[in-house]
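Presented below is the structure to which this report refers.
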Amino acid sequence: MDITIKKISFFLFFIFISSILGGCTINQKNEEQQIINKATETTIQYFKEKENLDVVITKHQFAPKDFQSVWISGHVKDDKNKTFSADVEYANDYHIGSISTTKNFELKHD
């Protein structure tokens with residue numbers, strides 16, 4: 001009888017810990033997705049307002065946590081040869097820190 005209670009207690013404890021850890025992971029993923037969405041929106045808006053260009057976002061990648069930035073990559077809407085990568089600092093009110101472009105893509109506002 002004691003062995004059965006110990007097994008059930010262990011099983012319930014395991015489920016409890018798993019649900020707590022799973023919940024933390026879900027919250028982190030939701031937060032990351034919100035950062036990506038805002039950084040993407042900021043990048044598109046920047047190119048529209050400052051460069052008068054429509055762009056397509058193709059990729060994102062988080063920088064190491066110390067930088068609190070996400071790299072957003074893409075290209076000009078009608079010209080896939082004109083690509084860019086923007087460093088969006090989400091800890092600094094989604095400020096675009098730097099933009100790198102291909103040789104055939106000159107920015108008006110460097």
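Computed quantities for the displayed model
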{"quantity": "THR58 in a helix (DSSP H, G or I), out of contact with any helix residue (DSSP H, G or I) (no Cβ under 8 Å at 6 or more places or on another chain) and modelled with pLDDT of 95 or more", "calculated": "no"}
{"quantity": "Hey, VAL88 touching a residue at least 12 places away in the same chain (Cβ under 8 Å), under 19 Å from GLU32 (Cβ atoms) and buried (at least 18 other Cβ atoms within 10 Å of the Cβ) or not", "calculated": "yes"}
{"quantity": "Single condition THR43 does not satisfy, out of (1) among the β-branched types (Val, Ile, Thr); (2) in contact with a helix residue (DSSP H, G or I) (Cβ under 6 Å, 6 or more places away or on another chain); (3) in a helix (DSSP H, G or I)", "calculated": "(2)"}
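The values are calculated or read from the model by the stated rules, or taken from the named source; none is laboratory data. Values in this document were obtained by computation on a predicted structure and should not be read as measured data. Note that each Cβ is placed from the backbone with ideal geometry, even for glycine, and that neighbours are counted across all protein chains shown.
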